[in-house]
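The values are calculated or read from the model by the stated rules, or taken from the named source; none is laboratory data. The model shown is predicted, which means the values in this text are computed figures rather than measured ones. All Cβ positions, glycine included, derive from the backbone under ideal geometry; neighbour counts span all protein chains shown. Heavy atoms of the whole protein, side chains included, go into the accessibility calculation; ligands, DNA and RNA do not. Shrake-Rupley method; radii C 1.70, N 1.55, O 1.52, S 1.80 Å.
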Amino acid sequence: MIEVQNLVLEKNGRRILDNVSFKTNKNLFAIIGANGAGKTSLAYCIMGIEKCSGSIKVDGEEINNLKVYERAKKGVTLAWQIPAEFEGMKVKDYLKASCRCLNLNENKKEELIERTIEKTGLNREYLNREISKLSGGERKRVELASVSLVKPRIIILDEPDSGIDLISFDKIIEFIMELSKESQVLIVTHSKKISSMTEEALLLKNGRAIKLGPTEEILKLYDEVKK
Amino acid sequence: MSDQIIEELIRYAKQSIDDKKIVEKLHSNEVSRIIIHEGEIEDNKAVEGVKIKAKRKSDGFVEVKIIIEKGKKIKEPVYMCFGVLSPDYEQKIDMEITAEDKSEVKMYAFCTFPKSIKVKHIMKTKYKIGKNAKFSYDEFHYHGNIGAKVKSHTEAEVGENSQLTTNFALIYGTVGSLDYKIKTKLKNESKFAAITRVKSRMNDEVFVEESAKLEGKNAASVLKSRLVATDNSKANFVGEIIGEGNNSRGHVDCKEIIMNNAVAETTPKLKVVNKTSRLTHEAAIGSVDKKELQTLEARGLTKEEAIDLIVKGMME
Ligand SMILES: Nc1ncnc2c1ncn2[C@@H]1O[C@H](COP(=O)(O)OP(=O)(O)OP(=O)(O)O)[C@@H](O)[C@H]1O
Ligand SMILES: [Mg+2]
């Protein structure tokens, strides 16, 4: 369960998020809005990457006063819209770091890493590749594998399908479906295609929460708002 | 020869490198090795195709001459251990390595001064690389917790169609002060690739200069450095390439990360005296990438753990 109340984010004198509130216990939830609506900003605020005023509660516990890694320890993680490059770092080392906090022995972790990378559609040879030398789409998949290995309560996926080709799209949907069995997945997106897999959605426009409701209704409203 | 000293040097050599297996091989009978502790030659043995001569000179230098014979492809690496186990000693080594035509060799040098308080290590080196040869030299340092004063200057000539690869790493422990220079001259079709990786802390002072003079046609060189400077340390890198030969190619690639009050400087020096030559450079100096840091924090790593991992990746 995540509950956000009266989030306000200002940057350089501009109000980026204007009193955003929502609450959901759905495991597949979408944050929908056009370019510049404030979706990524909202994701950063929840993760603690941006500091904002207001309240963010995970299963009733306030986390908005916590640092990024403390929020991660409370079970929140984020997959970036454009993942970091990590010059020189191997995929394997990134994924190992991602499951560092799991209570498993090294062998079990390695098995889990191998299984996870394969589920994203990349074979295990990718584990020895350098992250900075991957294509954009490949790096997005590694990012998905990474958040899944944290086994968090809440996963925010910022535009998970951007840079993913049509053939791989279904594989990514499948991957997210599986994630949602154990975690609450918040999908940040402007695309109807990916949001239609969610049950509930929040519509953002110009930094404001316009409406919260079943995804189908929100998507209809999204069309109207766009006009 | 003292086995005890040799074992201790080997043990400390392991502190300088991640891959301990490389050091373990020093025990093997199939490798050539020269081990010098302070001013004493503790061991010197060579396999077929390799000749190692070492002697003490009157000026306090230990002279080391190594020859890789013509056409010989040396299967196992040639090892060097130069160490000082006392807290205060000035070690001076004058080394010349000749890789004759068509020879191939990989060398590992471990320089360890683990208990140094005031150790000095002075190293003058010459590589003479013939034609169609492949020569690679990896050097790992460990200077203990206080650091040593190291001056290592190398000059190299790379003959036609030959390759020189050097890798210098001082990643663990404290540096003290380091003055590391390698100057090379490259003939037709020859190549030189260098990477230097140094992590400095406390009041360390690091100076690294890599230089390549591309004399011959199609000569090529890539000079890389990865420096991480923390606390009050200073790191300075100069990467110099001179393009003389027709179609010679060169690239300088330098990345420095600074933390706390450290100061970093980097200077790519490119000079083209032949219009068909082409030289490029990229340099980045700054703190740890914020996004990389936040990504790892979002996976539950503390800031310190995240920095360690990012720096480790950069150093590999
Ligand atoms: N540092 C800043 N200073 C001022 N405005 C900013 C700053 N950073 C972002 N913004 C603005 O905040 C708004 C929201 O940005 P945000 O990245 O959250 O949008 P988004 O909904 O994720 O868009 P997209 O679909 O393009 O990813 C945008 O109008 C953007 O220009
Ligand atoms: Mg965005």
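Taking region A:21-36 as the region of interest, how many residues are of a type in the set (A, V, I, L, M) and more than 11 Å from ligand 1 (Cβ to nearest atom)? Steps first, please.
Keep residues of region A:21-36 that are of a type in the set (A, V, I, L, M), which gives A:28, A:30-32, A:34.
Those left that are additionally more than 11 Å from ligand 1 (Cβ to nearest atom): A:28, A:30.
Looking only at that region, the number is 2.
Quick check: anything in region A:123-142 within 16 Å of ligand 2 (Cβ to nearest atom) and open to solvent by less than 10 Å² (accessible area, probe 1.4 Å)?
no
Take the residues in region A:69-89 that are more than 7 Å from chain B (Cβ to nearest Cβ), away from ligand 2 (no atom under 16 Å from the Cβ) and not in a loop (DSSP other than H, G, I, E, B); name whichever of them is farthest from the chain's Cα centre (by Cα).
A:E70
Give A:N107, A:N64, A:N6 a once-over and let me know the one that is more than 16 Å from ligand 2 (Cβ to nearest atom), closer than 25 Å to A:E178 by Cα and open to solvent by 10 Å² or more (accessible area, probe 1.4 Å).
Testing whether each residue is more than 16 Å from ligand 2 (Cβ to nearest atom), closer than 25 Å to A:E178 by Cα and open to solvent by 10 Å² or more (accessible area, probe 1.4 Å) leaves just A:N107.
Within region A:191-208, restricting attention to residues that are in a strand (DSSP E or B) and open to solvent by 40 Å² or more (accessible area, probe 1.4 Å), which residue is farthest from ligand 1 (Cβ to nearest atom)?
Narrowing region A:191-208 to residues in a strand (DSSP E or B): A:200-205, A:208.
From what's left, open to solvent by 40 Å² or more (accessible area, probe 1.4 Å): A:205, A:208.
On the way: A:K205: 10, A:R208: 12 Å.
Among those that are in a strand (DSSP E or B) and open to solvent by 40 Å² or more (accessible area, probe 1.4 Å), it is A:R208.
Can you tell me how many residues within region B:142-177 are touching a residue at least 60 places away in the same chain (Cβ under 8 Å) and among the small types (G, A, S)?
5
With respect to the numbered conditions (1) crowded, with 19+ Cβ neighbours inside 10 Å; (2) under 30 Å from B:R226 (Cα atoms); (3) not charged (D, E, K, R), which one is the sole condition not fulfilled by A:T77?
Against the list (1) crowded, with 19+ Cβ neighbours inside 10 Å; (2) under 30 Å from B:R226 (Cα atoms); (3) not charged (D, E, K, R), A:T77 comes up short only on (2).
Is region A:16-31 home to any residue that is aliphatic (A, V, I, L, M) and within 11 Å of ligand 2 (Cβ to nearest atom)?
Here is the first cut: in region A:16-31, the residues aliphatic (A, V, I, L, M) are A:16-17, A:20, A:28, A:30-31.
Still in the running and within 11 Å of ligand 2 (Cβ to nearest atom): A:31.
There is at least one residue in region A:16-31 that is aliphatic (A, V, I, L, M) and within 11 Å of ligand 2 (Cβ to nearest atom).
So, in region A:9-20, exactly how many residues are within 9 Å of ligand 1 (Cβ to nearest atom) and either of a type in the set (A, V, I, L, M) or surrounded by 23 or more Cβ atoms within 10 Å (Cβ to Cβ) (or both)?
The qualifying residues number 3.
Test A:K39 against the criterion of being charged (D, E, K, R) and within 16 Å of ligand 1 (Cβ to nearest atom), and give yes or no.
On the way: charged (D, E, K, R): yes; within 16 Å of ligand 1 (Cβ to nearest atom): yes.
Spelling it out, A:K39 is indeed charged (D, E, K, R) and within 16 Å of ligand 1 (Cβ to nearest atom).
Considering only residues that are assigned to a loop (DSSP other than H, G, I, E, B), touching a strand residue (DSSP E or B) at 6+ places or on another chain (Cβ under 9 Å) and farther than 21 Å from B:T112 by Cβ, which ones fall in region B:28-70?
Restricting attention to region B:28-70, the residues satisfying the condition of being assigned to a loop (DSSP other than H, G, I, E, B) are B:28-31, B:38-39, B:46-49, B:57-61, B:69-70.
Restricting the remaining residues to those that are touching a strand residue (DSSP E or B) at 6+ places or on another chain (Cβ under 9 Å) gives B:29, B:31, B:38-39, B:46-47, B:49, B:57, B:59-61, B:69.
Those that are assigned to a loop (DSSP other than H, G, I, E, B), touching a strand residue (DSSP E or B) at 6+ places or on another chain (Cβ under 9 Å) and farther than 21 Å from B:T112 by Cβ: B:N29, B:A46, B:V47, B:G49, B:K57, B:D59, B:E69.
Exactly one of (1) more than 16 Å from ligand 1 (Cβ to nearest atom); (2) in contact with a helix residue (DSSP H, G or I) (Cβ under 8 Å, 6 or more places away or on another chain); (3) part of a loop (DSSP other than H, G, I, E, B) is unmet by A:L66. Its number?
A:L66 satisfies every listed condition except (2).
Can you work out which of the residues in region A:39-54 that are among the hydrophobic types (A, V, I, L, M, F, W, C) and in contact with a Ser or Thr (Cβ under 9 Å, 6 or more places away or on another chain) is nearest to ligand 2 (Cβ to nearest atom)? Walk me through it before giving the result.
Within region A:39-54, the subset among the hydrophobic types (A, V, I, L, M, F, W, C) is A:42-43, A:45-47, A:49, A:52.
In the following step, the residues that additionally are in contact with a Ser or Thr (Cβ under 9 Å, 6 or more places away or on another chain) were identified as A:47, A:52.
Details: A:M47: 13, A:C52: 16 Å.
Looking at the filtered set, the residue picked out is A:M47.
Given region A:90-181, what helices (runs of 4 or more DSSP H) lie entirely inside it while holding 2 or more residues that are within 14 Å of another protein chain (Cβ to nearest Cβ) and either among the basic types (K, R) or out of contact with any helix residue (DSSP H, G or I) (no Cβ under 7 Å at 6 or more places or on another chain) (or both)?
Details: elements: A:91-98, A:106-119, A:136-150.
Hits in region A:90-181: A:91-98, A:136-150.
If B:L301 passes every condition in (1) at the interface with chain A (Cβ under 9 Å from one of its Cβ atoms); (2) open to solvent by 20 Å² or more (accessible area, probe 1.4 Å) but one, which one does it miss?
Checking B:L301 against (1) at the interface with chain A (Cβ under 9 Å from one of its Cβ atoms); (2) open to solvent by 20 Å² or more (accessible area, probe 1.4 Å), the one that fails is (2).
Taking B:V311, is it crowded, with 17+ Cβ neighbours inside 10 Å and either more than 14 Å from chain A (Cβ to nearest Cβ) or part of a strand (DSSP E or B) (or both)? Talk me through it step by step, then tell me what you get.
On the way: crowded, with 17+ Cβ neighbours inside 10 Å: yes; either more than 14 Å from chain A (Cβ to nearest Cβ) or part of a strand (DSSP E or B) (or both): no.
The answer is no for B:V311.
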